[in-house]
Amino acid sequence: MTTHTTLKMRWMAVATMTACALVACGQQKGPGAAGKPGAGAQQMTVSVVTVKLQDVPLVTELQGRTKPHLVAEVRPQVTGIVQKRLFEEGAQVKAGQVLYQIDASSYQATYDSAQAKLAKAKAQLASAKSTAKRYENLGEIAAVSQQQREDAQSALLLAQAAQKEAEAAVRSARIDLDYTRVKSPISGRAGRSSVTQGALVTGNQAGVLVTVQQLDPIYVDVTQSSAQMLRLRQDFASGKLGKVEQNTVPVTVLLEDGSEYEQKGKLEFAEVSVDENTGSVTMRVVVPNPQYELLPGMFVRARLEQGVRHNAALVPHLGVMRNQQGQAVVTLVNEQNKVEQRVVETEQSIGDYWVVTGGLNEGDRVIVEGLQWVRPGADVQATEFGDAPPPSMDGMNGMAGMSEMADMPATDAEDAPQATEDAPEATESAPEADAPPAPEPESQDVSSGAKE
């Protein structure tokens, strides 16, 4: 009897719990539980941003490649055998630094010969001067003829010309001798050498000995289509865009991996002609490169401000969607706190915001959080974005779980006793305490029966 009573109490507890769950599910399925209009319905809370019309910089991202600021292709200007290479490949060199030494023996001999000829010309000039002066004095007393005086003056002029010719020959020989020491015309970084010690080089040859490039600062040549430039000019003329001083606007360079280069550049100039092959215009940006992070030939992107868009709005990406036609659409909360959708015009993306140029007015409230829980025409409660937490997904999951319990078949309650038997002992003792005590004679019969 005691075992039978205990099982009975357990079944009563399970039936009570199941009934409570069904009642709760029935209430959950009521008019206000699923968000439908009804007496118990509550307004959904959404986060909004208030539109503010302002002047927004029109930032354009253009593709381009880096180019050295200065380039020097070093070639020999005299013929000879390379005796030494006096620089390290890839190292920094200075303007005037000797890079190669060419055999200078023949050029040294030519220079010495020119020096000797200059000395001879100077001696001849001194003799011609003295002769001309003496004949000038003798002519005053008629000791020599006029012809002799004129011949002495002519000899003096010839000696002076000969000296100048000798001086020019010395300078030419000195230049050729100096060319045997091949120097860098600019400061920069030297590239790979194309010749080694013992190679024969020719004056003004086509082959380059080494290329020196100045990389600080460095050029970034970017291109923009002529159609985009034409549209910008039309917007400037109509007043939609405000002009900016290009030389004062910093240019941001984006590296190949998408990271932002720390040094800011500036726009130097734009080409005055359009490339016939590509239909684009080249613009040159000068960028400081003190650590030589930018190398010639790298593919980069440049962000530069080309104008100022008037009466534009910045809307977070969260608040802008696309409809089936591909148009940009925002969801608003109107003055009656009802949800409505509106098609807008987007210009470009800046960071986490869209630049909206049409379709929004000052003070409009754009929903950025809670869009998935509302539909056009629904009543909502709007809070400014950042002031209230986003809609709780835990609450939504709880409501879904209660709906699943309400739809559970009643036969599933038969499995409840098995779960109840696994409960702690304290749970079993609770119903027994509330049950009425068994009659004493019945207990005695059980005892006597057990004895028998």
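Bear in mind that the values in this text are calculations on the coordinates, not laboratory data. All of these numbers come straight from a predicted model, not from anything done at the bench. For neighbour counting, all protein chains shown are included, and Cβ atoms are generated from backbone atoms with ideal geometry for every residue, glycine included.
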Please give the FRET efficiency for ASN337 paired with GLU61, using the beta carbon to beta carbon distance and R0 = 41 Å, rounded to the nearest 0.05. 0.55
How big is the gap, in Å, between the Cα center of segment 100-157 and the Cα center of segment 369-386? 106
Would you mind getting me the FRET efficiency between GLN153 and ILE81? Use the beta-carbon distance for r and R0 = 45 Å, nearest 0.05. 0.35
Give me the number: length gained by fully extending VAL71 to LYS133, i.e. 0.36 nm times residue separation minus the C-alpha to C-alpha distance, one decimal in nm. 16.6 nm
Can you sort TRP354, TRP373 so the residue with the fewest Cβ neighbours within 10 Å comes first? TRP373, TRP354
Per the 1/(1 + (r/R0)^6) rule, R0 = 60 Å and r from the Cβ atoms of ALA95 and LEU53, FRET efficiency to 0.05 is 0.65
In segment 63-97, the trypsin sites (Lys or Arg not before Pro) that fall in loop regions by DSSP, at most 14 other Cβ within 10 Å: LYS94
Listing ASP216, ASP257 from the residue with the fewest other Cβ atoms within 10 Å to the one with the most, what is the order? ASP257, ASP216
Filter the cross-link list LYS67/LYS266; LYS183/LYS266; LYS94/LYS164; LYS67/LYS264; LYS52/LYS266 down to pairs whose alpha-carbon distance in this structure exceeds 26 Å. LYS183/LYS266; LYS94/LYS164; LYS52/LYS266
Using Cβ contacts closer than 10 Å as the measure, can you line up LEU294, LEU62, LEU254 from fewest to most? LEU254, LEU62, LEU294
